[in-house]
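The values are calculated or read from the model by the stated rules, or taken from the named source; none is laboratory data. Just so it is clear, the structure is predicted and the values come from calculations on it, not from any experiment. All Cβ positions, even for glycine, are placed from backbone atoms using ideal geometry, and neighbour counts span all protein chains on display. Just the protein is used for accessible areas: all its heavy atoms, side chains included, with ligands, DNA and RNA removed. Shrake-Rupley method; radii C 1.70, N 1.55, O 1.52, S 1.80 Å.
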Amino acid sequence: FEQSQFDLAVQGRRNPGSAFKPFIYTAAIEWGMTPDTTVSGAPIKIGPWQPHNYDGSLGNGDMPMKIALAKSMNVPAVHLLQTVGIQTGAQMVRRFGVKVPMSPYLPSALGATEVPLDQMVSAYSAFPNKGIRVEPHLIRKVLDRDGAALEEWERTTYKVMNEYVALTMVTMMRGVVTGGTATAASSLPHPVAGKTGTVNDHTDVWFIGYTPTYVTG
């Protein structure tokens, strides 16, 4: 704090990279797809923009959604957003409580929208909480010197998705930890699910994970 009063957790807007993908996958599950639905990995080129996977490849073989998410494949994620529609994706992001509007183009599937960390953590709280998002707060209560409550936090929650969609996403995001891009998190003595995110040249590197009780970013 002596060096900087800038609070990165609530004031910093950063590209979440692949940590944004679960919002698009949630829209796909709600749209009627399942973890075993095959998603295309065919190369995409729109004008000068051509997405590539983390390994630099411009495409990959078709694969189940659960594998595409666990391995954080970029090209299938763009195909998914193209399938459900940019408008549907943007509405889903709003439902998750992300106050920054999703940029209305396909690169948003890969986290092109800048979002504060606290909004991302709050959004992810809906997954282990069976579809109910918890609004974050900093102060639970303020007491006077006699112990009487002057002000008290009132729990604020929002229904983001139904329980089936939430539990399906938890199952897929467990795959990220058990056999995907976040296997290091499997060393924790708790059931953990979550998603990694890496921005170009590692400008930002994310992991947002959760147990049945806690969400952290």
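Values for this structure:
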{"read-out": "Per-region count, the range 1-43, residues over 19 Å from Gly180 (Cβ atoms) and in contact with a His (Cβ under 7 Å, 6 or more places away or on another chain)", "value": "1"}
{"read-out": "Top-ranked residue of the range 135-184 - restricted to ones that are at pLDDT below 95 and surrounded by 12 or more Cβ atoms within 10 Å (Cβ to Cβ), ranked as nearest to Leu117 (Cα to Cα)", "value": "Pro136"}
{"read-out": "Candidate set from the range 185-215 (those that are closer than 15 Å to Val121 by Cβ and among the hydroxyl-bearing types (Ser, Thr, Tyr)); member that is least open to solvent (accessible area, probe 1.4 Å)", "value": "Tyr210"}
{"read-out": "Condition check for Asp36: over 23 Å from Asn162 (Cα atoms), part of a loop (DSSP other than H, G, I, E, B) and not polar (S, T, N, Q)", "value": "no"}
{"read-out": "Residue tally, condition in contact (Cβ under 8 Å) with a residue 12 or more places away in the chain and not aliphatic (A, V, I, L, M), over the range 179-201", "value": "10"}
{"read-out": "Every residue from the range 26-57 that is among the small types (Gly, Ala, Ser) and either open to solvent by 10 Å² or more (accessible area, probe 1.4 Å) or at pLDDT below 95 (or both)", "value": "Gly32, Ser40, Ala42, Gly47, Gly56, Ser57"}
{"read-out": "Subset of the range 76-88 [surrounded by fewer than 24 Cβ atoms within 10 Å (Cβ to Cβ) and either over 29 Å from Gly179 (Cβ atoms) or within 14 Å of the chain's Cα centre (by Cα) (or both)]", "value": "Gly85, Ile86, Gln87"}
{"read-out": "Checklist (1) within 17 Å of Phe96 (Cβ to Cβ); (2) under 16 Å from the mean Cα position of the chain (by Cα); (3) open to solvent by 60 Å² or more (accessible area, probe 1.4 Å); (4) of a type outside the set (A, V, I, L, M) applied to Phe127, failing item", "value": "(3)"}
{"read-out": "Failed item in (1) under 23 Å from Thr171 (Cβ atoms); (2) under 16 Å from the mean Cα position of the chain (by Cα), with Pro107 passing the rest", "value": "(1)"}
{"read-out": "Test result for Met73, crowded, with 18+ Cβ neighbours inside 10 Å, more than 14 Å from the chain's Cα centre (by Cα) and modelled with pLDDT of 95 or more", "value": "yes"}
